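What follows is a single structure, written as structure tokens, with notes after it.
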Ligand SMILES: Nc1ncnc2c1ncn2[C@@H]1O[C@H](COP(=O)(O)OP(=O)(O)O)[C@@H](O)[C@H]1O
Ligand SMILES: [Mg+2]
């Protein structure tokens, strides 16, 4: 699958843009603040229904503009699809081939996309929520049932927490209701946790091979899934935790407390990894995400690399570009503020490539 054509109206710093891309390599160059990342974000919005920077829709509109629209023509394995994402300040409309979804989440996984950014390494140091979110987004693209279970889990967790709050404020505990919530949550806990564990195992071999592709050192990256849910006495422990839950007005155990630990040679990379090792780890993880989704979905995700060359050493840049030129079989968008470097990068490739020079939200001829 690739994006053939993109049209923007009043999207961030683009008042109007029409652009045709290469099915292979697309290089976006331009000074800082010209709109390279915004363009990637527009593509991401069409693929995943929301901004990868988590920008709310009101801020995706050009300042003072009455609406924004993003239209994309995608060439898929089974023909062309048109995605239209419009927002008028109040209402969002998201259409694929002029059809809307009953639930927007049905779109997830149909047009997979992955963005690599220099901020990816933050995930190593941030709290567990960001890592859960990363794997949830990935596994949701790969497995629609997982996404559905996750949404049901959030719903029932909220209901249960509401009940706990009412009790701590003096209401009588409705045991029948609590039991229905708990039974559903226990079932979902097991299912979600099992899928997390299973899909992570499928992802890991590629993390390892991309890491060794990028790094000249013999280092072994790994990811450990940390959960209480899969232990034999989880159901009992969950039940015994009720008093504490009431006291704290929220559910203290379950997959919403899971974490993923990133290791290099069996040691946490957060404490022991150098900056270079952390960067290499995250690029390997993101590229593994690419091959993982491609395998499971049987379609090629769109890959985007936003300014990732700036803080990488030359050896790693070279290895990465070699991989793009030799092994990548899908469409890629690369942003780079330094055109001379990027031009050298894509030169001598048998693949089709186009270079776009962006200036203040417009394409230079
Ligand atoms: N809602 C908006 N309306 C108008 N301009 C915006 C909006 N959001 C962001 N911008 C502008 O977009 C520019 C940043 O674009 P960005 O894509 O991050 O640049 P680059 O990646 O090329 O450095 C900034 O000048 C910023 O002011
Ligand atoms: Mg940028």
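The values are calculated or read from the model by the stated rules, or taken from the named source; none is laboratory data. Given the structure is predicted, the values throughout are model-derived calculations rather than measurements. Ideal geometry is used to build each Cβ from the backbone, glycine not excepted, and the neighbour counts take in all protein chains shown.
Taking residue 309 as the residue in question, decide whether it is within 16 Å of ligand 1 (Cβ to nearest atom), under 15 Å from residue 36 (Cβ atoms), part of a loop (DSSP other than H, G, I, E, B) and touching a residue at least 12 places away in the same chain (Cβ under 8 Å).
yes
Mind listing whichever residues of segment 330-345 are closer than 27 Å to residue 297 by Cβ and in contact with a helix residue (DSSP H, G or I) (Cβ under 8 Å, 6 or more places away or on another chain)?
Residues satisfying the conditions are 330, 332, 333, 334, 335.
Can you pull out every residue in segment 38-55 that is more than 10 Å from ligand 1 (Cβ to nearest atom) and part of a loop (DSSP other than H, G, I, E, B)?
49, 50, 51, 52, 54
Would you mind telling me which numbered condition in (1) within 21 Å of residue 33 (Cα to Cα); (2) without any contact (Cβ under 8 Å) to a residue 24 or more places away in the chain; (3) part of a loop (DSSP other than H, G, I, E, B) residue 348 fails?
Residue 348 satisfies every listed condition except (1).
Would you mind telling me which numbered condition in (1) closer than 16 Å to residue 86 by Cβ; (2) out of contact with any helix residue (DSSP H, G or I) (no Cβ under 7 Å at 6 or more places or on another chain); (3) within 16 Å of ligand 2 (Cβ to nearest atom); (4) not in a helix (DSSP H, G or I) residue 66 fails?
Every condition holds for residue 66 apart from (3).
Identify, please: which residue in segment 21-58 is touching a strand residue (DSSP E or B) at 6+ places or on another chain (Cβ under 7 Å) and on the phi > 0 side of the Ramachandran plot and is, among those, surrounded by the fewest Cβ atoms within 10 Å (Cβ to Cβ)?
Looking at residues that are touching a strand residue (DSSP E or B) at 6+ places or on another chain (Cβ under 7 Å) and on the phi > 0 side of the Ramachandran plot, I get 49.
So is residue 319 outside the structural domain of residue 214 (by TED's automatic domain parsing) and not in a loop (DSSP other than H, G, I, E, B) or not?
Yes; evaluated as a whole, the condition is true for this residue.
Evaluate segment 317-339: report whether one residue or more is more than 18 Å from residue 117 (Cβ to Cβ), in contact (Cβ under 8 Å) with a residue 40 or more places away in the chain and within 16 Å of ligand 2 (Cβ to nearest atom).
yes
Only residues that are assigned to a loop (DSSP other than H, G, I, E, B) and touching a helix residue (DSSP H, G or I) at 6+ places or on another chain (Cβ under 8 Å): list them for segment 351-365, please.
Passing the criteria: 351, 361.
Have a look at 86, 73 and point out the one that is away from ligand 2 (no atom under 16 Å from the Cβ) and under 19 Å from residue 330 (Cα atoms).
Testing whether each residue is away from ligand 2 (no atom under 16 Å from the Cβ) and under 19 Å from residue 330 (Cα atoms) leaves just 73.
Among the residues that make up segment 15-36, is at least one of them in the same structural domain as residue 105 (by TED's automatic domain parsing), in a strand (DSSP E or B), over 23 Å from residue 347 (Cα atoms) and in contact (Cβ under 8 Å) with a residue 60 or more places away in the chain?
yes
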